[in-house]
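A short worksheet on the structure shown next.
The values are calculated or read from the model by the stated rules, or taken from the named source; none is laboratory data. Not measured: the values here are computed from a predicted model. Methodologically, a virtual Cβ is constructed for each residue, glycine included, from the backbone with ideal geometry; neighbour enumeration extends over all protein chains shown. SASA here: full protein model, heavy atoms, side chains in, ligands and nucleic acids out. Shrake-Rupley method; radii C 1.70, N 1.55, O 1.52, S 1.80 Å.
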Amino acid sequence: MAFGDQPAYLRVAGDLRQKIVAGELPPHTRLPSQARIREQYGVSDTVALEARKVLMAEGLVEGRSGSGTYVREQPVSRPVVRTGYRAAGESTPFRQEQGDDRVKGTWESRSEQIAAEPGIARRLRIGPGDRVMRTDYLFRSGGEPCMLSVSWEPLAITGRTPVMLPEEGPLAGRGVVERMAAIDVVVDNVTEEVSARPGLAGETLALGGVPGHCVVVVSRTYFAGGCPVETADVVMLAERYRVAYHLPVK
């Protein structure tokens, strides 16, 4: 589709986007009103409204109740380093998810026994409804929320053992590999898949983002002898974080 054939609201949004990127409309500047857009571009109220909706969906502007629509200050993207499992050094839930030793962080967690839903059951190669331990994490860096993680472990493996609760007991917070080794389960492989999707309202609220904005999801599974022993989803705001892999050469 040629530019001239684009719907009018996309042409208007494109011109306003260019002004935002070029700095003609800097952060915290009030976006032209709907009436002003209508007058400036010779379009209808409907077109002006749809153009503003496009910019809001792209995260370039935000509405402020009773005040109008303003240009958002764009966050600087920071890396979250993934390194796979590292046997040496600090072993904490935060370090398991962020492999950059220069970045320090804290976490909160909550565990509960639940029945595995079909998607998680497939990842763990267990039956739907089988009991798993679900643990929800909120990670903070510099006091600010940076990552969410949800992990699931089959209770057929960890149930009635000292490591059944990931954040309690003698190996609380020591990571999947060490905890499994304590019950003679040797983790020998880990896989990760990276995807993106619109963030759920609860996720973006917990991470300090805007509902509907895109999140990056790292889906990780630990294996012992080909059998999954833990699977997890790590969620980050796509506009704030990018996933970087540091992998050893063997």
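Has region 205-217 got at least one residue that is modelled with pLDDT of 95 or more and within 19 Å of T92 (Cα to Cα)? Scanning region 205-217 turns up no residue that is modelled with pLDDT of 95 or more and within 19 Å of T92 (Cα to Cα). I'm checking my understanding of the structure. Among residues of region 210-235 that are farther than 20 Å from Q74 by Cβ and within 10 Å of the chain's Cα centre (by Cα), which one is surrounded by the fewest Cβ atoms within 10 Å (Cβ to Cβ)? Among those that are farther than 20 Å from Q74 by Cβ and within 10 Å of the chain's Cα centre (by Cα), it is D233. Filtered by the rule that a residue be more than 16 Å from S149 (Cα to Cα) and either open to solvent by less than 30 Å² (accessible area, probe 1.4 Å) or not acidic (D, E) (or both), region 125-137 gives R125, I126, G127, P128, G129, R131. With the requirement that a residue be closer than 12 Å to T69 by Cβ, part of a helix (DSSP H, G or I) and out of contact with any helix residue (DSSP H, G or I) (no Cβ under 7 Å at 6 or more places or on another chain), what does region 32-51 give you? Once the filter is applied, which keeps residues that are closer than 12 Å to T69 by Cβ, part of a helix (DSSP H, G or I) and out of contact with any helix residue (DSSP H, G or I) (no Cβ under 7 Å at 6 or more places or on another chain), region 32-51 yields only R36. Would you check if G175 is under 21 Å from G225 (Cβ atoms) and at pLDDT below 90? So G175 passes the test.
Give me the residue from region 42-52 that is open to solvent by less than 60 Å² (accessible area, probe 1.4 Å) and either farther than 22 Å from E73 by Cβ or touching a residue at least 40 places away in the same chain (Cβ under 8 Å) (or both) and, out of that set, nearest to the chain's Cα centre (by Cα). Within region 42-52, the match that is nearest to the chain's Cα centre (by Cα) is A51. Looking at region 9-21, can you tell me whether even one residue there is assigned to a loop (DSSP other than H, G, I, E, B) and in contact (Cβ under 8 Å) with a residue 12 or more places away in the chain? No, there is no match, as no residue in region 9-21 is assigned to a loop (DSSP other than H, G, I, E, B) and in contact (Cβ under 8 Å) with a residue 12 or more places away in the chain. Pairing residues of region 55-75 that are closer than 23 Å to R197 by Cβ with residues that are in a strand (DSSP E or B) and open to solvent by 80 Å² or more (accessible area, probe 1.4 Å), at Cβ distances under 8 Å and at least 6 apart in sequence or on separate chains, gives no pairs at all.
Kindly check whether there is at least one residue in region 57-73 that is assigned to a loop (DSSP other than H, G, I, E, B), open to solvent by 80 Å² or more (accessible area, probe 1.4 Å) and hydrophobic (A, V, I, L, M, F, W, C). No, the conditions are met nowhere in region 57-73.
Residues in region 75-124 that are among the basic types (K, R), surrounded by fewer than 14 Cβ atoms within 10 Å (Cβ to Cβ) and at pLDDT 95 or above: R110, R122. Checking region 88-99 against the condition returns no match, with no residue being in contact (Cβ under 8 Å) with a residue 40 or more places away in the chain, closer than 24 Å to G226 by Cα, in a strand (DSSP E or B) and not hydroxyl-bearing (S, T, Y).
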